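Everything below concerns the one structure shown next.
The values are calculated or read from the model by the stated rules, or taken from the named source; none is laboratory data. No experiment lies behind these values; they were computed from the predicted model shown. Positions of Cβ are backbone-derived with ideal geometry, glycine not excepted, and every protein chain shown enters the neighbour counts. Accessible surface is based on the protein model in full, side chains and every heavy atom, while ligands, DNA and RNA are left aside. Shrake-Rupley method; radii C 1.70, N 1.55, O 1.52, S 1.80 Å.
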Amino acid sequence: MLKSTSSKEIMDEYLRDESKRTGSSERIFFPKNEADVISILRDHPGMPVTVQGSRTGVTGGCVPDGGLTVNMEQMNQVLDFRRDEKAAAITVQPGVLLQTLRSFILPHKLFFPPDPTETTASLGGMVSCNSSGARSFRYGSIRDYVLALDLILPGGDKLHLERGSITAKENRFTLSTCSGRRISGKLTDLQMPRVKKHTAGYYIRPDMDLIDLFIGAEGTLGIITSIKLKLVSAKKETWGSVIFLPDEASALALVKLVRQETPDSLSPEALEFFGSDTLHLLRQAQLTKTALTEMELIRQDACCAVYVEYACDQRASLIQAFEDTCHCIESVGGNPEQTWAAINAYHMEKLHLFRHAAPECINRKISEIKRTCPAITKLGTDMSVPDSRLEEVFSLYRSGLAEEGLTSAIFGHIGNNHFHVNVIPKNMDEFNRTKKLFSRWAEVVVAMDGTVSAEHGIGKLKTSLLKQLYSKEKLAEMAKIKSLFDPDWLLNRGNIFSDPVL
Ligand SMILES: Cc1cc2nc3c(=O)[nH]c(=O)nc-3n(C[C@H](O)[C@H](O)[C@H](O)COP(=O)(O)OP(=O)(O)OC[C@H]3O[C@@H](n4cnc5c(N)ncnc54)[C@H](O)[C@@H]3O)c2cc1C
């Protein structure tokens, strides 16, 4: 039987995500299968619907503003798994968690590269946000691994999309739903930013595969009910190291050097950054957080750190990669001795915990502040710029924070010039000033041909930044695409577009 509730106690739990934004809803449904999703949409014509995965999103995308909520956590079954000598693929319901998928494929020596550090994220949420993570430096985002999708449109019609089956021709496309309804439309001529990671607004290319339109669409075009994913062979060994450095300029120089010097065949899996402010937070966490107290203490003389990860089938290549990295560390004025190295699964897990502790500590701080300032939500950027702009954008962030006198924590995917600049505001004045600062940064980042969101999506909290990336006309053309699939703008209202009529 289809489970649903309007109990205030349960609703309160479900009306927020990790952005710390809270919403409202008339009833929450917990479908178990596609038929349940269809019946919710058919039985409630004209009702706005917000879709939820695991609610680990940080932009309020799954937080409803009224209407019905459809939570996918009980659609958590693996539907199919196939492997032959050439390829492997898995088909899952959208509520399957990343950590469940990983455990499922591990005994088969398979690997699923997209890796948001929050492993309780659902695959439906990940596809909807075109999620990525540390290893996207080498492997790209989840878009590159989606082979097929099933989606339910408002009204209950089903769309089945397979990669390679329908492409746009001269910006025009026609899709047929499973009931035979034809949906024809025109794609806007959109110049997307020239960065490796981008998930702000719809993905649009002239002769694109239509499946890509629905990846990263933040649930605004349909409810995903099934996902087929490509899996790759796992490498025999993965080694990682956290390299402590005397100043942030050395960290940027190290990253540039590693990017230039490493042959493509041994490109790092991940290149991550922990700013001076983030190391400060992690030092505090090491005193209290059990998983981190078991680790060696962060050196007091370390200013910041870079995390590098390599994976390979030949141990000799890994040794070579580590030696090359040591030379790079020396060339930028660092000391290779001041490095935590992990060369087995146990120690690798410790380093991943350390990496994950950065956003966790910040989210906890925001929850604490929210007790005295309830209107505060998470304040973190997700912008990325082309390689040539790395130093420029970092100095923009540091000078802006210093001028405003804000408490910050910078960390993230430095390999893709993609920092998460987090601000921990003390009061509403700092909160409002930070939002203005982010908007000023967005203007500069857009001028650098960068993106306002590289991996978290726009959700409800970053719609004003999207308006800085694309003109009103382009957004109106994008909105027309939504209207084709969702004519009454019932699905995930408020995501990507702040208002139905632009
Ligand atoms: C500590 C921490 C670390 C994080 N690190 C990363 C990171 O490294 N990389 C990264 O990309 N993200 C990261 N995130 C953000 C978050 O985990 C991702 O955005 C993730 O993809 C969200 O998945 P979810 O299941 O929680 O989705 P939710 O938060 O529930 O929803 C996200 C969006 O997807 C939509 N949606 C969910 N399921 C469906 C569906 N079945 N059909 C249609 N729409 C749907 C929702 O409506 C919403 O718009 C992090 C978050 C936290 C808290």
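Among the residues of the range 6-48, those identified as in a loop (DSSP other than H, G, I, E, B) and polar (S, T, N, Q) are S6, S7, S19, S25, N33.
Could you check the range 384-442 and list, in sequence order, the residues that are more than 30 Å from L257 (Cα to Cα) and of a type in the set (F, W, Y)? Matches in the range 384-442: F431 only. Filtered by the rule that a residue be modelled with pLDDT of 95 or more and among the polar types (S, T, N, Q), the range 181-198 gives a lone residue, S184.
Against the conditions (1) under 25 Å from D80 (Cα atoms); (2) surrounded by fewer than 22 Cβ atoms within 10 Å (Cβ to Cβ), F173 satisfies every one except (1). Here E118 fulfils each of the conditions (1) at pLDDT 95 or above; (2) open to solvent by 10 Å² or more (accessible area, probe 1.4 Å) apart from (1).
Every residue, every condition in (1) closer than 27 Å to G156 by Cα; (2) in contact with a strand residue (DSSP E or B) (Cβ under 8 Å, 6 or more places away or on another chain), yes or no:
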residue	(1), (2)
R205	no, no
L213	yes, no
I223	yes, yes
K228	yes, yes
G240	no, yes
L245	no, yes
R259	no, yes
D264	no, no
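The set of residues in the range 49-66 being open to solvent by less than 10 Å² (accessible area, probe 1.4 Å), more than 8 Å from the ligand (Cβ to nearest atom) and assigned to a loop (DSSP other than H, G, I, E, B) consists of G60, V63, P64. Contact map, the range 333-354: residues that are assigned by TED's automatic domain parsing to the domain that holds A253 paired with residues that are small (G, A, S) and in a loop (DSSP other than H, G, I, E, B), Cβ distance under 7 Å, separation 6+ or inter-chain. Pairs shown: Q338/A302.
State the number of residues belonging to the range 328-383 that are aromatic (F, W, Y) and assigned to a helix (DSSP H, G or I). Qualifying residue count for the region: 2. Of all the numbered requirements in (1) open to solvent by less than 20 Å² (accessible area, probe 1.4 Å); (2) at pLDDT below 95; (3) farther than 30 Å from R371 by Cβ, E85 misses one, and that requirement is (1).
Residues being in a strand (DSSP E or B), under 30 Å from E85 (Cα atoms) and open to solvent by less than 10 Å² (accessible area, probe 1.4 Å) are entirely absent from the range 194-216. Quick one: would you say L287 is part of a helix (DSSP H, G or I), open to solvent by 30 Å² or more (accessible area, probe 1.4 Å), away from the ligand (no atom under 16 Å from the Cβ) and without any contact (Cβ under 8 Å) to a residue 40 or more places away in the chain? Against the criterion (part of a helix (DSSP H, G or I), open to solvent by 30 Å² or more (accessible area, probe 1.4 Å), away from the ligand (no atom under 16 Å from the Cβ) and without any contact (Cβ under 8 Å) to a residue 40 or more places away in the chain), L287 qualifies. What single numbered condition from (1) assigned to a helix (DSSP H, G or I); (2) assigned by TED's automatic domain parsing to the domain that holds G334 fails to hold for R299? That leaves (1) as the condition not met. Among the residues of the range 317-334, those identified as closer than 18 Å to G240 by Cβ and open to solvent by less than 60 Å² (accessible area, probe 1.4 Å) are S317, L318, A321, F322, T325, C326, C328, I329, G334.
For (1) among the charged types (D, E, K, R); (2) crowded, with 22+ Cβ neighbours inside 10 Å; (3) within 16 Å of the ligand (Cβ to nearest atom); (4) assigned to a strand (DSSP E or B), each residue gets a yes or a no:
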residue: E218; (1), (2), (3), (4): yes, yes, yes, no
residue: K230; (1), (2), (3), (4): yes, no, no, yes
residue: K235; (1), (2), (3), (4): yes, no, no, no
residue: R259; (1), (2), (3), (4): yes, no, no, no
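Condition (residue is open to solvent by 60 Å² or more (accessible area, probe 1.4 Å), within 11 Å of the ligand (Cβ to nearest atom) and either over 17 Å from P154 (Cα atoms) or among the polar types (S, T, N, Q) (or both)) applied to the range 18-39: is it met by at least one residue? Taking every residue of the range 18-39 in turn, at least one turns out to be open to solvent by 60 Å² or more (accessible area, probe 1.4 Å), within 11 Å of the ligand (Cβ to nearest atom) and either over 17 Å from P154 (Cα atoms) or among the polar types (S, T, N, Q) (or both). Close contacts from the range 265-283, counting a first residue that is among the basic types (K, R) and a second that is open to solvent by 20 Å² or more (accessible area, probe 1.4 Å), with Cβ to Cβ under 8 Å and a gap of 6+ residues or different chains, come to R283/L297. If S498 meets every condition in (1) open to solvent by 10 Å² or more (accessible area, probe 1.4 Å); (2) among the hydroxyl-bearing types (S, T, Y); (3) within 30 Å of I204 (Cβ to Cβ); (4) in the same structural domain as E261 (by TED's automatic domain parsing) apart from one, which number is that one? All conditions are met except number (4).
Answer with yes or no whether V78 is within 13 Å of the ligand (Cβ to nearest atom) and within 25 Å of the chain's Cα centre (by Cα). Give the derivation first.
Numbers: within 13 Å of the ligand (Cβ to nearest atom): no; within 25 Å of the chain's Cα centre (by Cα): yes.
Here the answer is no, as V78 does not meet what is asked.
If the condition is being crowded, with 16+ Cβ neighbours inside 10 Å and among the acidic types (D, E), then the range 367-395 contributes only D382.
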